[in-house]
Structures are given as C-alpha cells and as structure tokens.
Amino acid sequence: MTEQVYLSIGSNMGDQLANLNAAVQRLAGQPDITVTAVSSVYETEPWGKRDQANFYNIAVALTTRLDPDSLLTVLHDIEQSLHRQRLVHWGPRTVDLDIIYWGDRDIHTVDLTVPHPHAAERNFVLLPIQEIAGDDTATAQRVAQALAQKTDESWIRKLEGVTIAYD
C-alpha cells in the first residue's frame, strides 16, 4: 500500500511564488516521487520570529518509494538548490520544505520527527493540508482535530487566482 506524504512548503524571501513553483517542479522531477496534489497559495504572518516578511505557504501531497531519511535528504537538496540559508532559527528563507505527515506513521530519527512536532499549532500548515487531503480520511480527521483546538490565532488568507503547477 502506498502511503500519502504531506509536505508544507513556505517562502518569504525573493520571488516567493517563483520559489514555491521551483520547489514543486524539483519535487515532481524526482524519479522516486509522484506529486499528487498541491494546495492553493496562502499568505500568512510569520510564526515564531515575527519581525520578518509575510510568508507564502502551500501543502503538497505525494507518494514516494524513498524512505523518510532519503526523502528528507531530497528536500534539503531542493532547499540548497534554491539558496536556503539556515542563519536564524525560524528566520527568513527563500524556501522551507517540511515533512508533516507520512500516512499514519510515527517517525522518530535523529533528523526527523513525523508528524511534524509543531504541525498542530500552525494554521499555515493545517489549512493547506485540509484543502488537499481529499479522501484521505485519517489525515483529514487529524487536521480537523488540530484546527478545533484553535492554538494558532495568526491570520491566514488564500491568494485567489494563484496556482502552483505540478505536472
């Protein structure tokens, strides 16, 4: 059985839409990854470190033959190819790719925790995933439960008429 993996991708430096598009195109170009859905683009206020530009965020659903650590390596490679620098924790970035959910698995390695430890506290992660969860009832239910907790009161707005291609 193929498990659906959900990513959150954000950008708040440079041409944010171009950064998101490039990240999705690089994902879709990987031989062991199939992008199955991409959410609308959402503009959000920064989370954690607030004194920076607003973010554009999307969720991506995919299937992969890669193991979690190998997928994480691919994501880090994409970030590096798009000039991501890790200078300030929760600071500005050209692009940030995070694994949020991997089916119903709990993953704990040195470099990766899934579900993402802060996913339930972030509307910019939950709302885009809710949009693309479709018939994945387990993920949709998980997201709905997290949203019902209302732990994130930051603003978020969908950008109308803006789409990210993935084929």
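Of all the residues that make up segment 156-167, how many are surrounded by 11 or more Cβ atoms within 10 Å (Cβ to Cβ) and either more than 18 Å from the chain's Cα centre (by Cα) or not in a strand (DSSP E or B) (or both)?
Final tally of qualifying residues: 5.
Can we say GLU3 is crowded, with 16+ Cβ neighbours inside 10 Å and among the acidic types (Asp, Glu)?
No; evaluated as a whole, the condition is false for this residue.
Against the condition at negative phi and modelled with pLDDT under 95, how does LEU17 come out, does it pass?
No: the conditions fail for LEU17.
Return the pair list, or none, for Cβ contacts closer than 6 Å from residues in segment 87-112 that are at pLDDT 85 or above to residues that are aromatic (Phe, Trp, Tyr), at least 6 apart or on different chains.
ILE100/TYR6; TYR101/TYR6
Condition check: touching a Pro at 6+ places or on another chain (Cβ under 9 Å) and within 18 Å of ALA61 (Cα to Cα). Does ASP106 satisfy that?
When the stated conditions are applied, ASP106 passes them.
Name the pairs whose Cβ atoms lie under 6 Å apart, with the first residue in segment 130-151 and free of Cβ contacts under 8 Å to residues at least 24 places away in the same chain and part of a helix (DSSP H, G or I), the second surrounded by 15 or more Cβ atoms within 10 Å (Cβ to Cβ) and of a type in the set (Val, Ile, Thr), and 6 or more positions between them or separate chains?
GLN130/VAL143; VAL143/ILE129
Residues to consider are ASN54, ASN21, ASN12; find the one that is in contact (Cβ under 8 Å) with a residue 40 or more places away in the chain and out of contact with any strand residue (DSSP E or B) (no Cβ under 7 Å at 6 or more places or on another chain). Show your work before the answer.
Values: ASN54 fails: out of contact with any strand residue (DSSP E or B) (no Cβ under 7 Å at 6 or more places or on another chain); ASN12 fails: out of contact with any strand residue (DSSP E or B) (no Cβ under 7 Å at 6 or more places or on another chain).
Unique residue meeting the criteria: ASN21.
Determine which single condition ASP167 fails, assuming it passes every other condition in (1) in contact (Cβ under 8 Å) with a residue 60 or more places away in the chain; (2) over 18 Å from ALA23 (Cα atoms); (3) among the acidic types (Asp, Glu).
That leaves (2) as the condition not met.
The values are calculated or read from the model by the stated rules, or taken from the named source; none is laboratory data. Since the structure is predicted, the reported quantities are computational estimates derived from the model, not experimental observations. Positions of Cβ are backbone-derived with ideal geometry, glycine not excepted, and every protein chain shown enters the neighbour counts.
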